[in-house]
Amino acid sequence: MTGYGPGYIEIDRVRYAWNEWGGILLAPEAGVQHWAVADPAALAAADVAPILAFHPEIVLFGTGPRQRFPQPEAIAPLAQAQVGFEVMDTAAACRTFNILVAEGRRVVGAFFPSDDPDPSVPEKP
């Protein structure tokens, strides 16, 4: 994860615009994958299957400039598979993702699209 800002996330210096990609799954061993989920409130249990395919020990949900929680039944498959998860704003999820990757953890980042131009989310180089 090399940057983020309103309307995009940057991975290995390649910018992925939300309006082109929609949701993004990121796993160190698999790279960037499109994830067809537009909003945490719209997440369904079936949407978690692609995440579980990576066999993560922890999942970080990046929900845009503000922390927004999915419905409990949507993330129940993670608990059933004994996979930890954290829900946080995208900036925090990006920072935490990098730390966990550096520690060699099996982490998946699940990023919901956000074009919110909220000025409280600073653009990072």
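The values are calculated or read from the model by the stated rules, or taken from the named source; none is laboratory data. These numbers were taken from a predicted model, which means no experiment stands behind them. We place every Cβ from the backbone using ideal geometry, glycine too, and count neighbours over all the protein chains shown.
Computed values, structure above
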| item | result |
| --- | --- |
| Residue within the range 37-59 that is of a type outside the set (A, V, I, L, M), assigned to a loop (DSSP other than H, G, I, E, B) and crowded, with 21+ Cβ neighbours inside 10 Å present | yes |
| Residues (part of a strand (DSSP E or B) and modelled with pLDDT under 95) located in the range 17-31 | Ala17, Gly23, Gly31 |
| Failed criterion for Ala27 (all others in (1) farther than 18 Å from Ser114 by Cβ; (2) out of contact with any Pro (no Cβ under 9 Å at 6 or more places or on another chain) hold) | (2) |
| Residue pairs meeting the criteria (Cβ under 7 Å; at least 6 apart or on separate chains; first of a type outside the set (Val, Ile, Thr), in the range 31-55; second exposed (fewer than 14 other Cβ atoms within 10 Å of the Cβ) and assigned to a helix (DSSP H, G or I)) | Ala45/Glu73; Ala45/Ala76 |
| Meets criteria (at pLDDT 95 or above, of a type outside the set (Lys, Arg) and under 19 Å from Glu29 (Cα atoms)) for Ala79 | no |
| Single residue of Glu29, Glu57 found to be closer than 12 Å to Val108 by Cα, in contact with a strand residue (DSSP E or B) (Cβ under 9 Å, 6 or more places away or on another chain) and among the acidic types (Asp, Glu) | Glu57 |
| Residue selected from the range 8-18 under the condition out of contact with any Gly (no Cβ under 7 Å at 6 or more places or on another chain) and surrounded by fewer than 17 Cβ atoms within 10 Å (Cβ to Cβ), by the criterion nearest to Phe97 (Cα to Cα) | Asp12 |
| Test: Thr63 is modelled with pLDDT of 90 or more, surrounded by 18 or more Cβ atoms within 10 Å (Cβ to Cβ), out of contact with any His (no Cβ under 8 Å at 6 or more places or on another chain) and among the polar types (S, T, N, Q) | yes |
| Residues being buried (at least 16 other Cβ atoms within 10 Å of the Cβ), hydrophobic (A, V, I, L, M, F, W, C), part of a helix (DSSP H, G or I) and more than 11 Å from the chain's Cα centre (by Cα) - total across the range 66-116 | 5 |
